[in-house]
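Asks: Shown below is the structure under consideration.
The values are calculated or read from the model by the stated rules, or taken from the named source; none is laboratory data. The structure displayed is predicted, hence computed values, not measured ones. A quick note on method: Cβ atoms are made from the backbone with ideal geometry, for glycine too, and the neighbour counts reach across all protein chains shown. Surface areas here come from the heavy atoms of the whole protein model, side chains and all, with no ligands, DNA or RNA. Shrake-Rupley method; radii C 1.70, N 1.55, O 1.52, S 1.80 Å.
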Amino acid sequence: MAPMRILAVDDDPVFLLLLEHILSSIGYTDLRCVGSGAEALALLRDRQNSFDCLLLDIDMPEMTGIELCRRVRSLPDYRDTPVVMITAMKTLQYVEGAFRAGANDYVHKPVDELEIRTRLRMVGDLLDERRRRASVESRISSDFGLPAVNITFEEAFPITEVSSTIAYLALENYALTLGRLRLYGHTAVAFKVVNAEGIFCSTDGIGYIDTMANVAAAVDGALKSYTHLIAYAGKGEFIAMISQRCELDPYALQDAIEMTLERYERLYQTLNIPLPRVCVGEAQHAGFFTRTSVSSLMRDARESARRAMAAR
Amino acid sequence: MSMSETPGHSATTTRPDPLGAIRQRFLALADSYSVEIEILMEDAADPAQTAEALGEVGAIAHRVAGVAATLGFERLGDLAARLDRQLTEARRQGALSVDSHDGLIREFHAAMEDLLERGRR
């Protein structure tokens, strides 16, 4: 397990003592605790400090954990740092707001040792992957003297330019918070960039991410009449979770997305990058009695978009 | 755990209790929470102060709910979580009244007093 410097923020000193005890017993000993959002921001702004992971209580007086998360994301050094929210059952409904503010995951309060161990292991895996990539990028950069972003076609990288877009893992974690009843009242729909492989091969990492961000913005616009969250799932595929059970017209959505993207046609021609073309899958819903899992709902949505592409 | 919540004091266990110090800190806070609740309930009887006083009771319940069960005080934690949820919901609906929550607040307060009494013995 790679060392991880953790900052925990909670207004209850007993909870912080308990958290320190639990984290230390599972091997996380590099922990700093503070009692308010203001103290946390002061620490984070001081560049002498550096944290790998933040644990934020949602329900705090003055500055809530959600507001703190939003402010943390505006700090350049903490744009991508994993943020895990700590939430009591009564604040579970606010978790959607936390994901929108940039949180990656959540744990329940009272804290369960097994749950927090699992969540922090996932954070550790994410950090290991980022360190590995940073090392490769630094090597490429020093060999060629160019800034480089090393991504794979399969990778579900986060898109930060579009406000309703969150990381894929965060979208999965958000859907898991919903429970069976609320998941039943949601709609999942996937979008596939038909020529994503061609785009990937014709540009560098930065160009590919920018192109996918343009697609995300077009998808966001097409879904503007719904409350929704979007994530890039890798392989040129996007998933949107809509906060209501609804039917969608895939062709109407496709037209709206294409109209938006056509505005970039000349730019893409100049850059020698194919203009993205998007297929939309059928809306997918969870069954109430069949206990549809989040992963199967998302898989079904993506497969539907792939079928739409094959039929095109 | 039933009314007799006494974690860390098993007759058959001689190993030091790793949570002992945190539990003592919690009990010290619970002592002041108990007094605060009594005062807040007197304040809540005044309609002009009801919302603020019950909000403070809810904040205490929220803090207790976050740690009690992990420290071995499951019943207190359960009552605190129920009270926290109930008061949050009532506040959201703009329907905070002493009568609606008096029973649960008394039960929560009694459980805390019971715990403190056992700690003093």
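Asks: In region B:21-120, what percent of the accessible surface is made up of carbon and sulfur (1.4 Å probe, ligands and nucleic acids excluded)?
Replies: Values: 2250 of 4620 Å².
So the carbon and sulfur contribution to the accessible surface is 49 percent.
Asks: State in Å² the accessible area per residue of region B:21-120; use a 1.4 Å probe, count heavy atoms of protein chains only, and round to the nearest integer. Numbers along the way, then the final one.
Replies: Details: 4620 Å² over 100 residues.
Averaged over the residues of region B:21-120, the accessible area is 46 Å².
Asks: Next question, about the same structure. According to the Cα gyration tensor, what semi-axes, each the square root of 5 times an eigenvalue, does the equivalent ellipsoid of region A:154-270 have, listed from largest to smallest in whole Å? Walk me through the numbers before you get to the answer.
Replies: Working: eigenvalues 130, 55, 23 Å².
So the equivalent ellipsoid measures 26, 17, 11 Å along its semi-axes.
Asks: Ok, one more. Along Cα→Cβ, 7 Å out, is where each label goes; now give me the distance between the ones at A:PHE153 and A:GLU262 in nm to one decimal.
Replies: So the label points at A:PHE153 and A:GLU262 sit 2.8 nm apart.
Asks: Okay, moving on. Can you work out D for region B:21-120 in µm² s⁻¹ from Stokes-Einstein, where Rh is the Kirkwood radius over C-alpha pairs, the temperature is 37 °C and the viscosity is 0.692 mPa s?
Replies: On the way: Rh = 13.4 Å.
In µm²/s, the coefficient is 244.
Asks: Follow-up question, since we're still on this one. Residue by residue through region B:58-64, which ³J(HN,Hα) values in whole Hz follow from phi under the Karplus form 6.51 cos²θ - 1.76 cosθ + 1.60 (θ = phi - 60°), with glycine and proline marked x?
Replies: x, 5, 5, 4, 4, 5, 5
Asks: Just to be sure I follow the rule: in chain A, considering lysines 8 or more places apart or on different chains, how many pairs have Cα atoms under 30 Å apart? Don't jump to the answer; show the numbers that get you there.
Replies: Values: A:LYS90/A:LYS109; A:LYS90/A:LYS224; A:LYS192/A:LYS224; A:LYS192/A:LYS235; A:LYS224/A:LYS235.
Lysine pairs satisfying the spacing and distance rule in chain A number 5.
Asks: Can you give the convex hull volume per residue for the Cα atoms of region B:70-109, as a whole number of Å³? Please list the in-between numbers first.
Replies: Details: hull volume 2.2 nm³, N = 40.
About 54 Å³ per residue, rounded to a whole number.
Asks: Got a sec? Which residues of region B:58-87 lose 40 Å² or more of accessible surface with every protein chain in place, vs. that chain alone, 1.4 Å probe?
Replies: In region B:58-87, residues shielded by partner chains: B:HIS62, B:ARG63, B:GLY66, B:VAL67, B:THR70, B:ARG85.
Asks: Among A:LEU75, A:LEU56, A:LEU169, which one shows the highest mean-square fluctuation when chain A is modelled as a Gaussian network with alpha-carbon springs under 10 Å?
Replies: Taking springs between Cα atoms under 10 Å, the residue moving most is A:LEU75.
Asks: Please report, as a whole percent, how much of the solvent-accessible surface of region A:182-309 comes from carbon and sulfur atoms (probe radius 1.4 Å).
Replies: Values: 2870 of 5830 Å².
Of the solvent-accessible surface of region A:182-309, carbon and sulfur hold 49 percent.
Asks: Can you give the Rg to Rh ratio of the protein assembly as shown, both from alpha-carbon atoms, with Rh computed by the Kirkwood formula? Kindly include the intermediate steps, with their values, before the conclusion.
Replies: Details: Rg = 25.2 Å, Rh = 24.3 Å.
The Rg/Rh ratio comes out at 1.04.
Asks: Largest first and in whole Å, give the semi-axes of region A:1-129's equivalent ellipsoid, each being the square root of 5 times a Cα gyration tensor eigenvalue. Spell out each step's value before the answer.
Replies: Details: eigenvalues 68, 62, 44 Å².
Equivalent ellipsoid semi-axes, largest first: 18, 18, 15 Å.
Asks: Also, quick follow-up: Could you derive backbone 3J(HN,Hα) for region A:186-199 from the dihedral phi with the Karplus parameters 6.51, -1.76 and 1.60 (θ = phi - 60°), listing whole Hz in sequence and x where the residue is Gly or Pro?
Replies: So the J values, rounded to whole Hz, are 10, 10, 10, 9, 10, 10, 10, 7, 4, 9, 4, 5, x, 5.
Asks: Oh, and also: Chains B and A: what accessible area do they bury, summed, in square angstrom to the nearest 100, with a 1.4 Å probe? Write out the running numbers ahead of the final one.
Replies: Values: alone 7240 and 15280 Å², together 20900 Å².
For chain B against chain A, roughly 1600 Å² becomes buried.
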